[in-house]
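The values are calculated or read from the model by the stated rules, or taken from the named source; none is laboratory data. As the structure is a prediction and not an experimental result, all values here were calculated from the model. We place every Cβ from the backbone using ideal geometry, glycine too, and count neighbours over all the protein chains shown.
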Amino acid sequence: MEKQIRLKKLEKLAATLMKITLALIFLYAGTIKAVETIEFADTLMTYEIINKQAIVPIAITLPFIEIIIALMLFSKRPSVGAMGMSILLFVFIMILSIAKWNGVNVDCGCFGSTETKTEISIIKNIILILLSAWIYRLETKQLSTEAAVEL
């Protein structure tokens, strides 16, 4: 029983550290894009799959969506933030994959202009989506446990 309690505490500590890490990554990425909106819009243009009329609205709103999702990881329902992060990362992976499929090697624009290879960006996003899915699983498991205790 004591070993189980220690494992739960260790799992909770790992989840907290992961939420902090993911939140900092998304806060940083969102802030960089919010500050460098024109550069981010230019990066989006290189994808050649995004409608030109949508570039500016995306370049303006996406950074703030990333920041809000990062902050949601520390709300009363962090599972919502983790789910939002997973969905956004999935969309990023799909856009990068389509660009790569079309023979366009793009800088993802995740952290400003870093000239990261498309394949590396896809791998990073897959790792981040797995971590955010893990946070989602832990948080929803905790919610169901708390609900059972209340009964």
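What do you reckon, is I120 within 17 Å of F26 (Cα to Cα) and modelled with pLDDT of 80 or more? No; evaluated as a whole, the condition is false for this residue.
Could you look through the stretch 72-96, keep only residues that are modelled with pLDDT of 90 or more and exposed (fewer than 14 other Cβ atoms within 10 Å of the Cβ), and pick out the one that is farthest from the chain's Cα centre (by Cα)? Here the answer is M94. Residue pairs whose Cβ atoms lie under 8 Å apart, separated by 6 or more positions or on different chains, with the first residue in the stretch 1-29 and farther than 30 Å from I68 by Cβ and the second at pLDDT below 90 and surrounded by 12 or more Cβ atoms within 10 Å (Cβ to Cβ), do not occur. Of all residues in the stretch 46-70, those that are under 17 Å from D107 (Cα atoms) and without any contact (Cβ under 8 Å) to a residue 24 or more places away in the chain have Cβ atoms under 6 Å from Cβ atoms of residues that are surrounded by 16 or more Cβ atoms within 10 Å (Cβ to Cβ) and among the hydrophobic types (A, V, I, L, M, F, W, C), 6 or more apart or on another chain, in I55/A41; I55/L44.
For the stretch 53-81, a tally of residues being closer than 27 Å to L138 by Cβ and polar (S, T, N, Q) returns 2.
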